[in-house]
Structure formats: structure tokens, C-alpha cells
């Protein structure tokens with residue numbers, strides 16, 4: 001039996017999928033303990049080489065959020081099967097305007113409130129989950145994790161595109177707002193070789209369990225490069241499929 005890796009979705013040229021009037025979902029933040037995400041719906045109003053102009057959201061994206069890095073995605077339906085798939089990119093909020101005119105040459109055009117986002121990278125949009133902020137339960141998996149400068153071992157509880165939740169029996173080593181360096185190594189599978197993620201994350205949530213004498217720590221990834229972002233999505237897609245297969249077998 002062949003053990004060659006299965007084909008995974010390659011990045012797609014943004015010009016193939018992004019269109020004016022596409023619905024656009026913006027993920028501004030996640031609660032890494034509850035698994036809830038701040039997802040705001042918008043619409044693409046204009047596209048250029050320097051920015052994606054989107055309709056202001058409700059609640060609005062504030063001026064104070066300028067320069068924040070967020071995730072943007074659209075749902076694309078296959079022309080033949082009409083099957084949905086989600087494609088997106090990590091972008092930066094460039095600014096806002098409350099008097100943007102879709103047709104500046106027309107003095108009677110109605111001004112609208114918009115948000116400017118950095119455009120997708122030249123190497124394209126990456127495939128994302130149709131379910132936003134999917135959180136994988138990875139407890140019991142053979143995944144190596146180190147956190148520094150913490151000295152005591154930690155346990156990986158779950159994992160998502162935005163961060164991880166850990167369990168620590170030495171919560172005194174952590175504090176809210178603390179920046180930590182992480183190294184997470186996933187074992188090889190049929191879909192990908194051994195994959196190691198390295199980067200910086202911030203402690204955004206702490207919950208202490210008196211009975212277990214342990215704390216759950218929500219860590220949010222700081223800026224993730226394109227390669228790591230694709231690796232994270234690839235890992236999530238694989239384990240999601242594995243979970244579905246187990247449910248189908250009644251395990």
C-alpha cells in the first residue's frame with residue numbers, strides 16, 4: 001500500500017475568488033478558553049493592489065484597532081458541485097473612513113463607512129475551515145510542547161488557528177499579558193511530515209481549578225507568518241478529518 005502523502009489544497013490566486021460584493025468574515029479575536037470568537041461580517045466594496053476596501057462592521061472596527069492583525073475569509077461555492085469551501089488570509093487593519101464614496105466622480109453618490117485591509121499575499125489565499133475558530137481537543141495526542149521561560153512541564157489541551165490552551169500545575173510561573181516562546185512538534189502523518197511550530201504567544205486568560213490544583217492558560221499566537229499559518233491550517237484539517245472518521249466508525 002502506498003504511503004505517499006495525500007494532496008492538500010494549494011494556495012489560490014486571489015483574483016480567482018475575491019470579488020466586489022463578496023461577503024467577508026473578519027475574525028478579530030478569540031476567547032482561548034471558551035472557544036468563542038469575535039467574528040464580524042462585512043462585504044468587499046473595492047479591490048486594489050494596496051488594499052481591500054470592506055464595509056464597516058457592526059459593532060464597528062474602531063480607529064484604535066488600526067494595525068491589528070486579523071483573519072479575513074470568504075466562502076466560495078464550486079461552480080459544478082456548489083460545495084462550499086472557505087478561503088482566506090491573515091491581514092492588517094490599515095484604517096477606516098466614514099465618508100468613502102464608491103464612485104468619487106459622482107457628486108450624488110452616497111458616502112459609506114469602510115475599513116481598509118491589507119490585500120492577500122502574492123502567493124495566494126489559503127484554505128480555511130468552514131467552521132470558524134475550530135478548536136481541536138489534542139489531549140492524549142503524541143505532541144511535544146515546550147514553553148519558555150517556564151520551567152515546569154505543561155500539557156496541551158486544545159489548539160486552534162488563533163492559539164492554544166494549556167494546563168499547568170505551576171500557575172505561579174505565569175501571569176496575564178506575559179509573552180512566552182513556544183515550540184510545538186506534531187508527529188508525521190499520511191498528510192504531512194513532522195511539523196514544528198515556533199513563535200511567540202501571549203497569556204490572555206487564566207482559570208484556576210482548585211480540585212485539580214492546576215490552571216488552564218489561554219495563549220494567543222502573536223503575528224504568524226504565512227508558512228506557519230498554512231502549517232496550522234493543514235494540521236487542523238487533518239485532525240478534524242480524523243475526528244470525523246472516528247465518529248463515523250462509532251468510536
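Kindly indicate whether any position in the stretch 50-61 is within 26 Å of residue 165 (Cβ to Cβ) and either touching a helix residue (DSSP H, G or I) at 6+ places or on another chain (Cβ under 7 Å) or in a strand (DSSP E or B) (or both). The answer is no, given that none of the residues of the stretch 50-61 is within 26 Å of residue 165 (Cβ to Cβ) and either touching a helix residue (DSSP H, G or I) at 6+ places or on another chain (Cβ under 7 Å) or in a strand (DSSP E or B) (or both).
Please go through the stretch 190-205 and give me each residue that is touching a helix residue (DSSP H, G or I) at 6+ places or on another chain (Cβ under 8 Å) and over 14 Å from residue 163 (Cα atoms), ordered by number. Selection gives 191, 192, 195.
For residue 129, the conditions (1) surrounded by fewer than 19 Cβ atoms within 10 Å (Cβ to Cβ); (2) at pLDDT 90 or above all hold with the exception of (2). Residues in the stretch 201-220 that are within 29 Å of residue 12 (Cβ to Cβ) and without any contact (Cβ under 8 Å) to a residue 60 or more places away in the chain: 201 only.
Each row is one residue, and each column tells you yes or no for (1) touching a strand residue (DSSP E or B) at 6+ places or on another chain (Cβ under 8 Å); (2) farther than 26 Å from residue 161 by Cβ; (3) assigned by TED's automatic domain parsing to the domain that holds residue 224.
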| position | (1), (2), (3) |
| --- | --- |
| 73 | yes, no, no |
| 76 | yes, no, no |
| 80 | no, yes, no |
| 88 | yes, no, no |
| 93 | yes, no, no |
| 107 | no, yes, no |
| 113 | yes, yes, no |
| 123 | no, no, no |
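Considering each residue of the stretch 196-211 in turn, none proves to be under 18 Å from residue 146 (Cβ atoms), surrounded by 12 or more Cβ atoms within 10 Å (Cβ to Cβ) and either more than 19 Å from the chain's Cα centre (by Cα) or not assigned by TED's automatic domain parsing to the domain that holds residue 239 (or both).
The values are calculated or read from the model by the stated rules, or taken from the named source; none is laboratory data. Predicted, not measured: the structure shown is a model, and the values here were computed from it. Positions of Cβ are backbone-derived with ideal geometry, glycine not excepted, and every protein chain shown enters the neighbour counts.
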